[in-house]
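S.K.: I'd like to ask some things about the structure below.
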Amino acid sequence: MTASAQLETHYQDRGRRAREWHGAGRKVIGYFCCFVPEEIITAFDMLPFRLQGRPGEPIDQADAFIEPMACPFARSCFDQALKGEYAFLDGFVAPHSCDTVERLFHIWRHNKPAPFNHLLNVPHMRGSGSEEFFRRELEYFIQSLEEWLGRKLDPERLREAVRLSNRRRAALRKLYALRQADPPLVSGTEVTRIVVAGMGLPTAEHLELVQEAIAEIRTRPQAETAKVPRLFIWGSEMDDEAFIRLVEESGAAVVMDDLCTGTRIFWDDVPETGDPLEGLAERYLKTRCPRSYEGRTGTRAEDLENRFGHIGRFIREWRVDGVIATIVRYCDTCELEGPDLREYLGSRQIPVLMIEDDYSTSTLGQLRTRVQAFLEMLA
């Protein structure tokens with residue numbers, strides 16, 4: 001079976017490898033968001049499993065525990081837990097990435113506790129003392145795992161885990177670079193499957209499959225295609241290919257993103273410092289998420305450049321024609337970030353379509369109409 005076919009299998013059945021791992025007596029730790037250092041979990045010889053929802057399924061149990069006007073992604077994940085879909089988890093870790101996830105941690109722990117449960121306190125403010133505070137939080141996380149497992153963490157194993165994760169980050173950046181070509185050598189739909197599949201795989205296994213998939217993609221014959229608009233996707237959780245596929249079927253190429261399930265995971269390496277916790281604290285606090293706040297810099301234009309300059313670089317280097325900003329309903333952090341992002345893109349004459357959805361595939365028909373109208377404007 002080719003690497004692409006294996007990744008497709010893991011994408012379609014995302015808990016498959018975790019169930020095998022758990023069934024073999026090895027531990028699986030489920031976690032939310034981009035702020036939990038997977039390297040620490042890997043260094044303890046456990047499988048880090050990024051929690052995901054099911055956009056194609058109704059939320060019919062979680063609403064008995066958390067109000068329906070809360071984040072539908074978080075509610076969907078908890079709904080899956082209540083239905084037994086995460087029975088293979090030996091541990092559950094949530095960062096204070098947003099108030100909904102922090103609150104859900106307590107609801108989850110009370111109603112569906114795992115053998116190990118931990119809340120990671122991540123600073124919202126970036127500034128003096130933030131990295132040291134977060135470093136101490138990581139020390140506490142490690143101490144909690146050591147007490148639960150009954151063994152100490154070998155610092156060298158943590159350094160090895162950092163190096164391994166950095167190798168996977170480098171491989172994923174190479175995968176994304178294949179979309180700089182015109183036409184792109186790989187679709188945004190396939191890239192989404194490859195990245196999301198890795199959220200349920202051991203790092204070493206995903207790294208090998210990504211490297212093999214890149215080699216396969218480079219040897220494919222490239223068919224002549226008409227020039228289509230090149231789009232950038234901004235938002236939070238997009239752990240299903242459905243929307244990306246809709247955009248590409250509508251006549252565009254999704255060539256780059258700024259997503260919690262995209263570049264935010266892997267674009268920046270962990271500095272390989274003498275103290276691995278120092279490098280981990282520095283790298284994970286740099287995660288570009290609307291929930292984090294940096295002090296304002298200079299003029300309004302300078303402040304926007306400080307916050308969104310990485311998006312501007314992506315747009316230039318991937319030759320983007322337009323941006324679609326997707327906001328999961330009730331996500332206050334993204335809702336508040338949206339107007340500033342629109343202003344930044346407008347100052348650079350980049351067309352943008354703002355979409356709010358409810359983390360459900362049931363709305364794709366309505367979204368298709370809006371996407372098609374946007375693409376007609378770009379033509």
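Every number in this text was worked out from the coordinates using simple rules, so none of it is lab data. Small disclaimer: the values here were computed from a predicted structure and weren't measured. Glycine gets a Cβ as well: all are built from the backbone with ideal geometry, and neighbour counts include every protein chain shown.
S.K.: Among the numbered criteria (1) surrounded by 21 or more Cβ atoms within 10 Å (Cβ to Cβ); (2) under 15 Å from the mean Cα position of the chain (by Cα); (3) not β-branched (V, I, T), which single criterion is violated by R230?
M.R.: (2)
S.K.: Just one of the numbered conditions (1) touching a residue at least 24 places away in the same chain (Cβ under 8 Å); (2) surrounded by fewer than 23 Cβ atoms within 10 Å (Cβ to Cβ); (3) among the small types (G, A, S); (4) closer than 26 Å to C289 by Cα is not true of G30; which one?
M.R.: Every condition holds for G30 apart from (2).
Here's the yes/no breakdown for (1) closer than 30 Å to F141 by Cβ; (2) in contact (Cβ under 8 Å) with a residue 12 or more places away in the chain; (3) out of contact with any helix residue (DSSP H, G or I) (no Cβ under 9 Å at 6 or more places or on another chain):
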residue: G279; (1), (2), (3): yes, yes, no
residue: G298; (1), (2), (3): no, no, no
residue: G338; (1), (2), (3): no, yes, yes
residue: L375; (1), (2), (3): no, yes, no
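Yes or no, residue by residue, for (1) assigned to a helix (DSSP H, G or I); (2) in contact (Cβ under 8 Å) with a residue 12 or more places away in the chain; (3) closer than 28 Å to P72 by Cα; (4) not acidic (D, E):
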residue	(1), (2), (3), (4)
S4	yes, yes, no, yes
H10	yes, yes, yes, yes
A18	yes, yes, yes, yes
G25	no, no, no, yes
V36	no, yes, yes, yes
I40	yes, yes, no, yes
D45	no, yes, no, no
Q52	no, yes, yes, yes
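S.K.: Now a separate question. Restricting to the stretch 343-361, give me the number of residues that are free of Cβ contacts under 8 Å to residues at least 40 places away in the same chain, part of a helix (DSSP H, G or I) and surrounded by fewer than 16 Cβ atoms within 10 Å (Cβ to Cβ).
M.R.: Residues in the stretch 343-361 being free of Cβ contacts under 8 Å to residues at least 40 places away in the same chain, part of a helix (DSSP H, G or I) and surrounded by fewer than 16 Cβ atoms within 10 Å (Cβ to Cβ): 2 in total.
S.K.: When the stretch 54-84 is examined, which residues are found to be more than 21 Å from G198 (Cα to Cα) and either touching a residue at least 60 places away in the same chain (Cβ under 8 Å) or charged (D, E, K, R) (or both)?
M.R.: The answer is E57, D60, D63, E67, M69, A70, C71, P72, R75, D79, K83.
S.K.: Of the residues L104, L172, L145, only one is assigned to a helix (DSSP H, G or I), crowded, with 21+ Cβ neighbours inside 10 Å, on the phi < 0 side of the Ramachandran plot and more than 21 Å from the chain's Cα centre (by Cα); which?
M.R.: Details: L104 fails: more than 21 Å from the chain's Cα centre (by Cα); L172 fails: more than 21 Å from the chain's Cα centre (by Cα).
Exactly one residue qualifies, and that residue is L145.
S.K.: Collect the residues in the stretch 269-296 that are within 24 Å of R193 (Cα to Cα) and surrounded by fewer than 18 Cβ atoms within 10 Å (Cβ to Cβ), keeping them in residue-number order.
M.R.: D269, R288
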